[in-house]
Structures are given as structure tokens and as C-alpha cells.
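A.B. asks: Here's a structure for you.
The values are calculated or read from the model by the stated rules, or taken from the named source; none is laboratory data. Since this is a predicted model, take the numbers as computed values, not measurements. Cβ placement follows ideal geometry from the backbone for every residue including glycine, while neighbour counts extend to all protein chains displayed. SASA here: full protein model, heavy atoms, side chains in, ligands and nucleic acids out. Shrake-Rupley method; radii C 1.70, N 1.55, O 1.52, S 1.80 Å.
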Number of protein chains: 2
Amino acid sequence: MDRGARSRDAILDTAGDLMARHGFAATSISMISTACGLPVSSIYWHFRSKDGIYVAVLERARTALLAALPPAEVPGADVAQRLDTFLAELEGAFQRHPRGVKLLLGLGMVQQDASTAAVAEVRHYRDALVDWARESVSSVFALGERPQVADEMARFTLRMVSGTAVARWFEPQTVLETGPLRVALLGLAAHHGVTVGGAPGEGAPPAAS
Amino acid sequence: MDRGARSRDAILDTAGDLMARHGFAATSISMISTACGLPVSSIYWHFRSKDGIYVAVLERARTALLAALPPAEVPGADVAQRLDTFLAELEGAFQRHPRGVKLLLGLGMVQQDASTAAVAEVRHYRDALVDWARESVSSVFALGERPQVADEMARFTLRMVSGTAVARWFEPQTVLETGPLRVALLGLAAHHGVTVGGAPGEGAPPAAS
DNA sequence: GTCTATAGCGGGATAGAC
DNA sequence: GTCTATCCCGCTATAGAC
């Protein structure tokens, strides 16, 4: 890797870190310059504007987070097994990529000010997560025939994750509580009359209402 | 009300609106001045600094939101009735006070930059919400004897609400989905062996695991 | 690709008349 | 309490040597 590419990476690393901590507007080019040791003009040479950095940071966070997420085709013989696998990997990704989600949330908030390209990238990021969640949930609960149920449960899961990400910026040691989430998802599946096979401890699915 | 107080209110209204939309850092004094029609120096006369505005805006949002929330002592003969009441009022408050939560979230994010007073006010705001949630959930499910269960369910509820608030800034028409939340909370209660009385459609509570 | 230097503007904040 | 005018600084962005 040549020096240019290494510099580019260094800038993106620092910028991503600072923006996740302070937000986009509160992060200045000179902060980034000081923190990564490269002059302001180099930053402008690599990315044409502050918005350019924003877009590149988002794109990189998205790629990294999606690569770290478990595959949407969750392996496992029955629902209980697949659900446990899914939740464990979700928790792991949440733990190992604190910046990924916070960048999306923090930067997603300032959509009103951002450029068209940046807004597009934020939506791209968010849509990728939504798709992934829907496919994963659908795979875990075998919901190929019930897309609306899959949608509802995916939304539910993602909102829980976002909410926990929010809680984490008040209390950094916050973890994703997979226990209650597991109970809730099984409850939702049962409520919709989805067959849960031998899932222990949740009783038989009652009639859907 | 004299003119001074009215001006103060007008400034706070505009500042709160702008800050909820753009975030703290991206909201400038001159933006506020232009939007509310009062000169910059009046703003500085009422609030000594930009941070002063921040604190006042947060304090006001907290007061307004807490006043709008249903009382923590939820009325109702049985769990199902109290839960329905609780969820309906929660949804209503969520719908009617979009700024309250977003201010807390958006401003809470920039804690690192903010003054001591502002950070204190953010935590105060957040703690008030946590307390309210815990007491409400405890009242709905009669959890006086099981504080840990109440804590878990309150955290769960709040995270769902925060997550939905996040979703709303991507898609403004987003509403709090009380249906799935209801199922999830009943499932959690059952999982902890909490007596749910005549709650319809959820089956008998299985043995706690 | 990286450096120094600087333009040009808008930010937060203040002075002092009224 | 509200106004006009202004200070000073840091911001985004560029120019041009190397």
C-alpha cells in the first residue's frame, strides 16, 4: 500500500472516531488534522470537502459493520438453535462495533443540513441494516411465507438495538440484553401463530388474535 | 406576562426547535436570532452563553415531557387493563412530543463537548424518564416485590421507545408500535412468572426458567 | 501527495446608546 | 430589555512551492 492510501486511511480513521464522539458539525477539519498529524490541505486533497469526508466515513462504517454482521442465512436445526446463534452474533457485533451504529445514528440526525450525497449514503447504510435484519429474522423463524410478520419482528429487533445504542452513550458499559429480546421475539412469533418447534420454556403457541 | 418573559419564551421555542432539528453544534446564535426576530444581544442578555440556552432548552423539554406523561400510578382493575392504558398514553405522549425525546437523544450525544451544567441537565432529564418508566411498569404489573423484574421491563420499554424515536428521524411518520410491545411485555412478565390475571390471548404463564 | 500560508466568511460574545 | 456596531477567533477552503 502506497503512502497516499495509508494517509487516506489514517484520515478516515481519525475522522470516524471524532465524528462518532462529537457529531459531524462539532468535528472540524483542523481537529482531524491535529489528531492524525496530516496537514489540512492533504485532507482536502483526498476528500474534496468536509461533506466528502462525511460520505467516505459513512461508507466505510457501513462496509465494516455489514462485513462483521452474521450472514442473513442463519444456520441451525430448529428455531431455538437459530435464534440463539443469531442473538449471540448480533450481540457480538454490537459489542465490537460501537462506532458503526453511533455514526449512523449521530450522523443520521443531521440529515437536514447534509448534502444530497451524504443523505443518500445515510439511507443506504440504514437500508442495508433493515434488509439484513429482515432476512435474518425471516431465516431464524422460517418466515418465507409471512413477510409481514418478518417485517414486524425485524423492526422490533432493530429498534431494540438502536435503543440500546442510545442507552450506551449515556452509560458506555451498556450491553445488548439478548435474554429479554429472545423472550420477546419468541412471544411475538407465538402470538402470530408461527411454529416454534421445540423451543423450551415458552409454552405452546396460543391461538393468534 | 411582561415583554421580557415573552421574549425569553420565544427564544427558547425557536432554539428548541432548531436544536432538535439540526443538533446543538449546528445551531448558531444568529440562526436563532433570525428565526425568532430578536437581536443577538437580547439572546445573550437572557441566557449568558450558548450553553445557557442549551441548558434552558433541555430543562424546558424535560418539564414539558414529564408533565405530558401519564402518572406513574396507572389506574385499572387488572394487568391487561392497566397495560392498555399505559401503552395508549405512552403512544400519545410519543406522538405529541416529538421534540422532547429527540432533544434528549441529539443533545445527549454531544455530552463530550458540553459544559458541566449541560451534562448534568441531560442526565437529570434521562434519569427522570428512567424513574418514571420503572414506576409505571411496576404499577402496571404490580411488581412492588420484584424490583429487578420491574427494572428489566422498564429498560426494555425505554429502549423500544428510544429505538422508535431513532427510526422516526429517518421516517417521520413512524409511530410507536404498541401491539408488539404489548405482546413482548406480557411475554416477559410470563417468563418471570408474574401473575397476569385474566390477560386474554397469551395463555397461562409457563414455569419461570 | 504533502507542505506553508492565507483568503474570506461566519461563529460566539461584548460595548454602549437608547 | 432591546438595539447597532464591532471584536476576535476558528472555520472551510484554496494557492502554489516542493
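A.B. asks: Largest first, please: the extent of the C-alpha atoms of the stretch A:1-47 along each principal axis, to the nearest Å.
C.D. replies: Sorted from largest, the Cα extents of the stretch A:1-47 read 30, 18, 16 Å.
A.B. asks: Farthest toward the dipole's positive end in chain B, which of B:Phe86, B:Phe156, B:Ala56, given Cβ charges of +1 (Lys, Arg) and -1 (Asp, Glu) about the Cα centre?
C.D. replies: B:Ala56
A.B. asks: Sticking with this structure for a sec: So what's the angle, to the nearest 10 degrees on a 0 to 90 scale, between helix A:116-140 and the longest Cα principal axis of chain A?
C.D. replies: 20 degrees
A.B. asks: Bin width 5 Å, origin at 0, all Cα-Cα pairs of the stretch A:109-159: what percent of pairs per bin?
C.D. replies: Histogramming the stretch A:109-159 at 5 Å steps yields 5, 22, 22, 15, 12, 12, 8, 4, 0 percent.
A.B. asks: Please determine, in degrees from 0 to 90 and to the nearest 10, the orientation of helix B:50-68 with respect to the longest principal axis defined by the Cα atoms of chain B, where the helix direction is its Cα long axis.
C.D. replies: 30 degrees
A.B. asks: Right, next: Heavy-atom accessible area per residue, the stretch A:1-47, 1.4 Å probe: how many Å²? If you can, show how the numbers build up before the last one.
C.D. replies: Values: 2400 Å² over 47 residues.
Here the residues of the stretch A:1-47 average 51 Å² of exposed surface.
A.B. asks: If you don't mind, there's one more thing I want to ask. So the label point sits 7 Å from Cα along the Cα-to-Cβ vector; using that for B:Arg123, what distances do you get to the other copies, in nanometres, sorted shortest first?
C.D. replies: 4.0
A.B. asks: Rounded to the nearest angstrom and ordered from largest down, what semi-axes does the equivalent ellipsoid of the protein assembly as shown get from its C-alpha gyration tensor (root of 5λ)?
C.D. replies: Listed largest to smallest, the semi-axes of the protein assembly as shown are 39, 30, 16 Å.
A.B. asks: Roughly how many whole Å is it from the C-alpha centroid of the stretch B:122-190 to that of the stretch A:1-53?
C.D. replies: A separation of 39 Å, based on Cα centres.
A.B. asks: Shifting gears a bit: What part of the accessible area of chain B, given as a whole %, is carbon or sulfur when the probe is 1.4 angstrom?
C.D. replies: Working: 4920 of 9070 Å².
Carbon plus sulfur share of accessible area: 54 percent.
A.B. asks: Once R0 is set to 45 Å, what does the formula 1/(1 + (r/R0)^6) return for the Cβ-Cβ distance between B:Trp45 and B:Ala88, expressed as a FRET efficiency to the nearest 0.05?
C.D. replies: Numbers: r = 43 Å, r/R0 = 0.97.
Efficiency, from the Cβ-Cβ distance: 0.55.
A.B. asks: Next question, about the same structure. Among B:Leu188, B:Trp132, B:Cys36, which residue has its Cα furthest toward the positive end of the charge dipole of the protein assembly as shown, with +1 on Lys/Arg Cβ and -1 on Asp/Glu Cβ?
C.D. replies: Looking along the dipole axis, the top candidate is B:Cys36.
A.B. asks: For A:Thr116, what accessible surface area do you get with a 1.4 Å probe? Give it in Å², rounded to 10.
C.D. replies: In the full protein context, A:Thr116 sits at about 120 Å².
A.B. asks: Now for a separate question. Place a +1 charge on the Cβ of each Lys and Arg in the stretch A:1-47 and a -1 charge on the Cβ of each Asp and Glu, then give the dipole magnitude about the Cα centre in debye, rounded to the nearest 20.
C.D. replies: Details: 4 positive and 4 negative charges, 10 e Å.
So the magnitude is around 60 debye.
A.B. asks: At a probe radius of 1.4 Å, figure out the A/B buried accessible area, summed over both chains, and give it in Å² to the nearest 100.
C.D. replies: On the way: alone 11110 and 11100 Å², together 18160 Å².
In total, chains A and B hide about 4000 Å² from solvent.
A.B. asks: Once you charge only the Cβ atoms, +1 for Lys and Arg and -1 for Asp and Glu, what is the size of the charge dipole of the protein assembly as shown about its Cα centre, to the nearest 20 debye? Please report the intermediate quantities before stating the final value.
C.D. replies: Details: 40 positive and 44 negative charges, 263 e Å.
Taking the Cα centre of the protein assembly as shown as origin, the dipole is about 1260 debye.
A.B. asks: When the helix-only estimate is applied to chain B (DSSP H runs of n ≥ 4, each -39,500 (n - 2.57), divided by the residue count), what is the mean residue ellipticity at 222 nm, nearest 500 deg cm²/dmol? Let's see the in-between values first.
C.D. replies: On the way: 9 runs with 145 residues, N = 209.
So the calculated ellipticity at 222 nm is -23000 deg cm²/dmol.
A.B. asks: Then there's this: So which GluC sites (Glu not before Pro) in the stretch A:47-130 are both in a DSSP loop and have at most 16 other Cβ atoms within 10 Å of their Cβ?
C.D. replies: Values: sites: A:Glu59, A:Glu73, A:Glu89, A:Glu91, A:Glu121; in loops: A:Glu73.
For GluC sites (Glu not before Pro) across the stretch A:47-130 that sit outside H, G, I, E and B with at most 16 neighbouring Cβ atoms in 10 Å, the list reads A:Glu73.
A.B. asks: On to the next question. What dipole magnitude, in Debye to the nearest 20, does chain B give about its Cα centre under +1 on Lys/Arg Cβ and -1 on Asp/Glu Cβ?
C.D. replies: Numbers: 20 positive and 22 negative charges, 133 e Å.
Around 640 debye, computed over chain B.
A.B. asks: In degrees between 0 and 90, to the nearest 10, how far off the longest principal axis of chain B does helix B:98-109 point, with axes built from Cα atoms?
C.D. replies: Helix B:98-109 sits roughly 80 degrees off the main axis of chain B.
A.B. asks: Test of understanding: what is the full-extension gain from B:Ala68 to B:Ile29, defined as 0.36 nm times their sequence separation minus their Cα-Cα distance? Spell out each step's value before the answer.
C.D. replies: Values: separation 39, 0.36 × 39 = 14.04 nm, distance 2.90 nm.
Fully extending the segment from B:Ala68 to B:Ile29 adds 11.1 nm.
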